[in-house]
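**Q** I have a structure here, written as structure tokens, and I will follow up with some questions on it.
The values are calculated or read from the model by the stated rules, or taken from the named source; none is laboratory data. Note that the structure is a prediction, hence the values are computed from the model and not measured. We place every Cβ from the backbone using ideal geometry, glycine too, and count neighbours over all the protein chains shown. Note: areas computed on protein heavy atoms with side chains; ligands, DNA, RNA excluded. Shrake-Rupley method; radii C 1.70, N 1.55, O 1.52, S 1.80 Å.
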Amino acid sequence: MAIDTSIFKISLLVLMVIFGITKKNLTNKHLIEDGVKDINLPMNIILLLVIASIGIVLFPLVWIFSDLLSFAEFRLSSPIRVFGLGLYLSMILLMYWQMITLDVNISMVRDDRYLVTDGPYRYIRHPLYTIFIIITFSMTLIAANWAFAIYSPIVFFIMLFRVQYEEHFLKNEFGQSYVDYMKETKKFFPKLF
């Protein structure tokens, strides 16, 4: 039985709202003014993060509220699209676990930060970036749209580039402890990459 596309659009919108509220609430919980040091991200990193954010938010909203991306639709069975919804939901749960595990380490700019190696960080070094990568892939399945399919690897490479900067920062911040941690874990996917 085929499920109407409007159901997938509404479902994706609900998941996006849940994701946004969860991330905002968990992030704001620990971002306080005291104990924060100044850090300047290079402009190319900021630009790449803006591009990734636009795609993670703008593409779905355009797909949900207009027909502008209808030219790029492809056929995908309803069970696969429902699987995409489940995948997105599982990433919200992973994000919750990741944010709770980080606690006050939610930002690279806090003075009182420490190296987190438990929770999802026991398996991968960058669970939040993994979440973004998998969410863009899940949106490809939900929307059954080539625009998302093309954008998904772009987000992967943006996250890969971002990780290079962050890992350099973390090696400087935590020294040999972080180098040892890198040897024990993968960047995005346990035991793979």
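**Q** Starting from region 99-120, keep only residues that are modelled with pLDDT under 70 and surrounded by 15 or more Cβ atoms within 10 Å (Cβ to Cβ), then list their pairs with residues that are assigned to a loop (DSSP other than H, G, I, E, B) and among the small types (G, A, S) whose Cβ atoms are within a distance under 7 Å, requiring at least 6 positions of separation or different chains.
**A** Listed pairs, sorted by first residue: R110/G35.
**Q** If you go through region 138-156, how many residues are within 30 Å of Y114 (Cβ to Cβ) and open to solvent by 10 Å² or more (accessible area, probe 1.4 Å)?
**A** Looking only at that region, the number is 1.
**Q** Would you confirm whether or not region 180-193 contains a residue that is under 17 Å from L12 (Cα atoms), touching a residue at least 24 places away in the same chain (Cβ under 8 Å), open to solvent by less than 70 Å² (accessible area, probe 1.4 Å) and among the aromatic types (F, W, Y)?
**A** Within region 180-193 (the criterion being under 17 Å from L12 (Cα atoms), touching a residue at least 24 places away in the same chain (Cβ under 8 Å), open to solvent by less than 70 Å² (accessible area, probe 1.4 Å) and among the aromatic types (F, W, Y)), the answer is no, since none of the residues qualifies.
**Q** Only residues that are over 24 Å from I3 (Cβ atoms), within 12 Å of the chain's Cα centre (by Cα) and either of a type in the set (A, V, I, L, M, F, W, C) or not in a loop (DSSP other than H, G, I, E, B) (or both): list them for region 111-159, please.
**A** Those that are over 24 Å from I3 (Cβ atoms), within 12 Å of the chain's Cα centre (by Cα) and either of a type in the set (A, V, I, L, M, F, W, C) or not in a loop (DSSP other than H, G, I, E, B) (or both): P127, L128, Y129, T130, I131, F132, I133, V155, F156, I158, M159.
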